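Presented below is the structure to which this report refers.
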Amino acid sequence: MGEKDEPTPVRHIASVVTVVDADGRETHKPFSWDFLPPAKDACQICAHRHPPTEPHNAQTFYYQVAFHSQIGRAPTWADAMAHCNDETREMWEKELRSMGHWTEPPAGERPVKHHGVEDVNTAKPIEDAFRNAINDD
Ligand SMILES: [Zn+2]
């Protein structure tokens, strides 16, 4: 919900599209999805409202689709909490394992923190804005 003259903010999520021609030859081309960003007071990574130090919600539609577009696989709980400190990660992993819900990347792959957002200039402002938003209350 933007202000009256404010353009609708759109986030471009980078991905790859595979085109198969009549001979069955595959060509991979860069591609991007236009997403409406999460609400301003929600986490900009997973669109769920949670403290920045807690895991992302690995089950939100936004996180699932944005993550899959960029990484090429579904996010796991290990990805969702890769940004947390050891204590938080251990607590959540133990709890999720006890309920049979623990998921992690395929063998040999490391968990992905913020599906590519954290290492560009946008990451810090997004995290700061998120922190400010939840500290307003
Ligand atoms: Zn999140």
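Among the residues of segment 34-53, is any away from the ligand (no atom under 16 Å from the Cβ) and either among the aromatic types (F, W, Y) or exposed (fewer than 11 other Cβ atoms within 10 Å of the Cβ) (or both)?
Yes, some residue in segment 34-53 is away from the ligand (no atom under 16 Å from the Cβ) and either among the aromatic types (F, W, Y) or exposed (fewer than 11 other Cβ atoms within 10 Å of the Cβ) (or both).
Results for (1) over 26 Å from E109 (Cα atoms); (2) touching a helix residue (DSSP H, G or I) at 6+ places or on another chain (Cβ under 8 Å); (3) at pLDDT below 90, shown as yes or no for each residue.
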| residue | (1), (2), (3) |
| --- | --- |
| K4 | yes, no, yes |
| V20 | yes, no, no |
| P52 | no, yes, yes |
| G72 | no, no, yes |
| D79 | no, yes, no |
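Residues of segment 64-81 being within 17 Å of H50 (Cβ to Cβ) and free of Cβ contacts under 8 Å to residues at least 24 places away in the same chain, which ones?
Result: Q64, single match.
In the list R73, R97, R110, which residue meets the criterion of being more than 16 Å from the ligand (Cβ to nearest atom) and outside any loop (DSSP other than H, G, I, E, B)?
Only one candidate qualifies: R97.
Could you list, in sequence order, all residues of segment 76-91 that are part of a helix (DSSP H, G or I) and of a type outside the set (S, T, N, Q)? I'd like the intermediate steps shown before the answer.
To start, the set of residues in segment 76-91 that are part of a helix (DSSP H, G or I) comprises 77-80, 86-91.
W77, A78, D79, A80, D86, E87, R89, E90, M91 - these are the residues of segment 76-91 that are part of a helix (DSSP H, G or I) and of a type outside the set (S, T, N, Q).
Quick one: would you say Q44 is in a loop (DSSP other than H, G, I, E, B), within 21 Å of H12 (Cβ to Cβ) and among the polar types (S, T, N, Q)?
yes
Each row is one residue, and each column tells you yes or no for (1) within 27 Å of A82 (Cα to Cα); (2) in contact with a Cys (Cβ under 7 Å, 6 or more places away or on another chain); (3) among the hydrophobic types (A, V, I, L, M, F, W, C); (4) in a loop (DSSP other than H, G, I, E, B).
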| site | (1), (2), (3), (4) |
| --- | --- |
| S15 | yes, no, no, no |
| T18 | no, no, no, no |
| G24 | no, no, no, yes |
| K40 | yes, no, no, yes |
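Quick check on segment 61-70: of everything there that is surrounded by fewer than 20 Cβ atoms within 10 Å (Cβ to Cβ) and at pLDDT 90 or above, which residue is farthest from V16 (Cα to Cα)?
Per the stated criteria, the residue is F61.
The values are calculated or read from the model by the stated rules, or taken from the named source; none is laboratory data. No experiment lies behind these values; they were computed from the predicted model shown. Cβ: placed from backbone, ideal geometry, glycine included. Neighbour counts: every protein chain shown.
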